[in-house]
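Read through the structure below, which is laid out as structure tokens, and then see the notes.
The values are calculated or read from the model by the stated rules, or taken from the named source; none is laboratory data. What you see is a predicted model; the values in this text were computed from it and never measured. All Cβ positions, even for glycine, are placed from backbone atoms using ideal geometry, and neighbour counts span all protein chains on display.
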Amino acid sequence: MRVVSGIQPTGKPHLGNYLGAIVNYVKLQDEAHAQGGQCFIFLADLHAISMPHSPAELTKNTREMVATLVACGVDPAKTVLFNQAQVPAHAELQWLLSGTARMGWLNRMTQWKDKAGKNREGQSIALFTYPVLQAADVLLYQATHVPVGEDQKQHLELARDIAQKFNNDFCDEDAPLFTLPDPYIPPAAARIMSLRDGSSKMSKSDPSEMSRISLTDDADTIMKKIKKAKTDSEPLPSEAKELDERAEAKNLVGIYAALVGKSVDDVLADHGGQGFGAFKPALGEVLIETLAPINARFAELKDDQEALDAILARGAARAREIALPTLDATYKALGLVRG
């Protein structure tokens with residue numbers, strides 16, 4: 001089992017990142033380690049430059065994301081934790097795969113359409129081709145499993161298409177170069193929505209700080225945001241299916257369920273009939289209790305630049321070592337002569 005996943009170091013990590021991705025990183029790390037496999041978690045700083053950005057902020061956010069991941073339980077002794085920029089093989093393999101990827105495949109990517117909007121001609125080439133870099137990210141390490149949300153499944157399918165076409169075009173039938181990675185969709189993957197709009201995902205890019213719980217928020221801020229979260233006037237129902245038309249209520253109950261490790265129906269069995277005047281403080285207390293140790297550990301780590309850089313350097317050295325055989329084999333398969 002070889003697990004590979006990346007997270008962009010942009011903005012402050014929030015509750016959606018934690019419940020939707022980071023808690024599963026920790027589970028997968030432990031599962032892979034127990035099976036004698038490997039887990040690779042990288043900071044996708046090369047992906048971050050596909051959009052306008054502040055160089056100073058990117059550097060700062062990369063270190064803060066390392067501190068966040070470690071504070072949440074990602075263990076550099078069990079996981080290869082690094083940033084892309086220190087492993088040039090990611091960019092090299094992207095270029096080598098660009099001869100195999102097809103314009104039509106990339107044009108069909110729904111995230112490209114969403115992010116580019118109506119001004120496609122004004123977008124960077126990197127924004128258009130970053131799914132090829134995502135393919136390189138996972139194929140470079142011969143990933144067997146890639147944690148993905150519903151919004152990233154299409155990109156993993158593209159990685160499989162690129163790998164399959166490369167294997168068909170440049171490899172012997174009985175000796176393919178690239179492993180075709182399988183999606184890993186955790187059964188309890190939480191889709192956390194905005195506190196201001198239950199139809200939109202919680203996002204770092206939302207201009208309103210009140211739309212999200214940052215992992216660095218203190219207890220007073222967490223409680224304030226939860227109490228001001230958008231809801232309706234109806235009490236909580238007794239069954240999960242009754243929340244289907246109540247997006248904001250469904251989101252808050254879903255957050256509570258994910259934090260305490262229960263089903264939504266179990267939460268409603270305890271809190272059904274309550275109004276949000278009672279439920280919101282209960283949710284706030286659970287959030288504060290969950291995030292307090294993460295916040296404390298993050299505070300210890302975030303200003304220790306030397307320690308954070310050392311974690312990244314050790315991880316990058318290991319990643320470069322593991323990536324080299326695949327990169328060399330790719331050059332050879334393409335007939336490229338290297339010194």
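Going residue by residue through the range 51-73, is there one that turns out to be touching a Ser or Thr at 6+ places or on another chain (Cβ under 8 Å) and of a type in the set (Gly, Ala, Ser)?
no
Just checking, how many residues over the range 318-331 are under 14 Å from LEU96 (Cβ atoms) and in contact with a Leu (Cβ under 9 Å, 6 or more places away or on another chain)?
Qualifying residue count, the range 318-331: 6.
Check PRO207, PRO235 and return the single one that is surrounded by fewer than 17 Cβ atoms within 10 Å (Cβ to Cβ), within 26 Å of GLN152 (Cβ to Cβ) and over 20 Å from the mean Cα position of the chain (by Cα). Even if it seems obvious, please write down each step before you answer.
Details: PRO235 fails: within 26 Å of GLN152 (Cβ to Cβ).
Unique residue meeting the criteria: PRO207.
Applying the selection to the range 40-61, what residues are under 14 Å from the mean Cα position of the chain (by Cα) and of a type outside the set (Asp, Glu)?
Here is the first cut: in the range 40-61, the residues under 14 Å from the mean Cα position of the chain (by Cα) are 40-45, 47-48.
Result: PHE40, ILE41, PHE42, LEU43, ALA44, HIS47, ALA48.
Output the residue which, of all residues in the range 154-209 that are of a type in the set (Asp, Glu) and more than 23 Å from ALA249 (Cβ to Cβ), is modelled with the lowest pLDDT. Even if it seems obvious, please write down each step before you answer.
Of the range 154-209, the ones of a type in the set (Asp, Glu) are 157, 161, 169, 172-174, 182, 197, 206, 209.
Filter once more, so that each one left must be more than 23 Å from ALA249 (Cβ to Cβ): 157, 161, 169, 172-174, 182.
Working: GLU157: 94, ASP161: 97, ASP169: 97, ASP172: 94, GLU173: 90, ASP174: 93, ASP182: 93.
Looking at residues that are of a type in the set (Asp, Glu) and more than 23 Å from ALA249 (Cβ to Cβ), I get GLU173.
Tell me which helices (runs of 4 or more DSSP H) are completely within the range 80-176 and hold 2 or more residues being crowded, with 17+ Cβ neighbours inside 10 Å and under 23 Å from the mean Cα position of the chain (by Cα), or say none if there are none. Quick ask: steps written out before the conclusion?
On the way: elements: 89-97, 103-107, 110-116, 125-139, 153-170.
So the answer is 89-97, 125-139, 153-170.
SER263 is checked against (1) modelled with pLDDT under 95; (2) crowded, with 20+ Cβ neighbours inside 10 Å and fails just one. What number does that condition carry?
The number of the failed condition is (2).
Which one is farthest from THR221 (Cα to Cα), of the residues in the range 286-330 that are among the basic types (Lys, Arg) and part of a helix (DSSP H, G or I)? Before the answer, list the steps.
At the first step, the residues of the range 286-330 found to be among the basic types (Lys, Arg) are 297, 302, 314, 318, 320.
Still in the list and also part of a helix (DSSP H, G or I): 297, 314, 318, 320.
Working: ARG297: 18, ARG314: 36, ARG318: 39, ARG320: 41 Å.
Looking at residues that are among the basic types (Lys, Arg) and part of a helix (DSSP H, G or I), I get ARG320.
When residues of the range 198-214 are filtered for being of a type in the set (Asp, Glu) and in contact (Cβ under 8 Å) with a residue 40 or more places away in the chain, how many remain? Before the answer, list the steps.
Residues of the range 198-214 of a type in the set (Asp, Glu): 206, 209.
Filter again for in contact (Cβ under 8 Å) with a residue 40 or more places away in the chain, leaving none.
Matching residues across the range 198-214 total 0.
Contact list please: Cβ distance under 9 Å, first residue in the range 215-232 and more than 16 Å from ALA247 (Cα to Cα), second residue part of a loop (DSSP other than H, G, I, E, B) and modelled with pLDDT of 95 or more, pairs at least six apart or on different chains.
Once the first residue is more than 16 Å from ALA247 (Cα to Cα) and sits in the range 215-232, its partners that are part of a loop (DSSP other than H, G, I, E, B) and modelled with pLDDT of 95 or more give THR221/ILE213; ILE222/ILE213; LYS225/LEU195; LYS225/ARG212; LYS225/ILE213.
Search the range 308-339 for residues being among the aliphatic types (A, V, I, L, M) and surrounded by fewer than 16 Cβ atoms within 10 Å (Cβ to Cβ), and hand back the single one that is modelled with the lowest pLDDT. Talk me through it step by step, then tell me what you get.
Let us first name the residues in the range 308-339 that are among the aliphatic types (A, V, I, L, M), namely 308, 310-313, 316-317, 319, 322-324, 327, 329, 333-334, 336-337.
Those left that are additionally surrounded by fewer than 16 Cβ atoms within 10 Å (Cβ to Cβ): 310, 313, 317, 324, 329, 334, 336-337.
On the way: ALA310: 97, ALA313: 98, ALA317: 98, LEU324: 97, ALA329: 97, LEU334: 97, LEU336: 97, VAL337: 93.
By that ranking, first place goes to VAL337.
Restricting to the range 1-55, name every residue that is under 18 Å from ARG318 (Cβ atoms), assigned to a helix (DSSP H, G or I) and at pLDDT below 90.
Of everything in the range 1-55, those that are under 18 Å from ARG318 (Cβ atoms), assigned to a helix (DSSP H, G or I) and at pLDDT below 90 turn out to be TYR25, LEU28, ALA32, HIS33.
Of the residues that make up the range 84-107, is at least one of a type in the set (Val, Ile, Thr) and either free of Cβ contacts under 8 Å to residues at least 40 places away in the same chain or under 30 Å from GLU300 (Cβ atoms) (or both)?
Here is the first cut: in the range 84-107, the residues of a type in the set (Val, Ile, Thr) are 87, 100.
Imposing the further condition that a residue be either free of Cβ contacts under 8 Å to residues at least 40 places away in the same chain or under 30 Å from GLU300 (Cβ atoms) (or both) reduces the set to 87.
Within the range 84-107, one or more residues are of a type in the set (Val, Ile, Thr) and either free of Cβ contacts under 8 Å to residues at least 40 places away in the same chain or under 30 Å from GLU300 (Cβ atoms) (or both).
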